[in-house]
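The values are calculated or read from the model by the stated rules, or taken from the named source; none is laboratory data. Computed from a prediction, not measured in an experiment: that's the story for all the values here. Here the Cβ is made from the backbone with ideal geometry for all residues, glycine too, and neighbour counts use every protein chain on show. Please note that ligands, DNA and RNA were not included when accessible areas were found on the heavy atoms of the full protein model with its side chains. Shrake-Rupley method; radii C 1.70, N 1.55, O 1.52, S 1.80 Å.
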Amino acid sequence: MTRVIVSGAGGKLAGPIIDAVIAADDLELAGLYNPNRAGQQQSGVEISGDPGAADGDVVVAWRSEGQDGS
């Protein structure tokens, strides 16, 4: 079982990613991270503002086009 942490929780792209993790037989949602939404809930899991609070195997994070200056 791969434990997944989703960064950017509470944002518009996080919902489908979290749903996919929950639906997958070989993935477990280990935590949610977003310092701007800490304390809120998404899919029954509290969003943390501490990037080290959850213990997972992978972190799913993304950027909108152009966020890296390109």
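In the chain, helices alone account for a calculated mean residue ellipticity at 222 nm of -4000 deg cm²/dmol, with every DSSP H run of four or more residues adding -39,500 (n - 2.57). Couplings 3J(HN,Hα) for the range 4-16, derived from phi with the Karplus relation 6.51 cos²θ - 1.76 cosθ + 1.60 (θ = phi - 60°), are 10, 10, 10, 8, x, 4, x, x, 5, 8, 5, x, x Hz, where x marks Gly and Pro. By accessible area, using a 1.4 Å probe on protein heavy atoms only, the chain has 46% of its surface on carbon and sulfur. Other residues within the sphere of radius under 13 Å centred on the Cβ of ARG3, judged by their own Cβ, net out at -4 (K and R +1, D and E -1). Placing one equal scatterer on every Cα of the chain and applying the Debye formula, the log10 ratio I(q)/I(0) at q = 0.18, 0.20, 0.22 Å⁻¹ is -0.64, -0.77, -0.91. What the chain shows is 64 Å² of accessible area per residue, with the surface traced by a 1.4 Å probe over protein heavy atoms. In this structure, the amide hydrogen of GLN40, modeled 1.01 Å from its nitrogen in the peptide plane, lies closer than 5 angstrom to those of ILE47, counting only residues at least 5 positions away or on a different chain.
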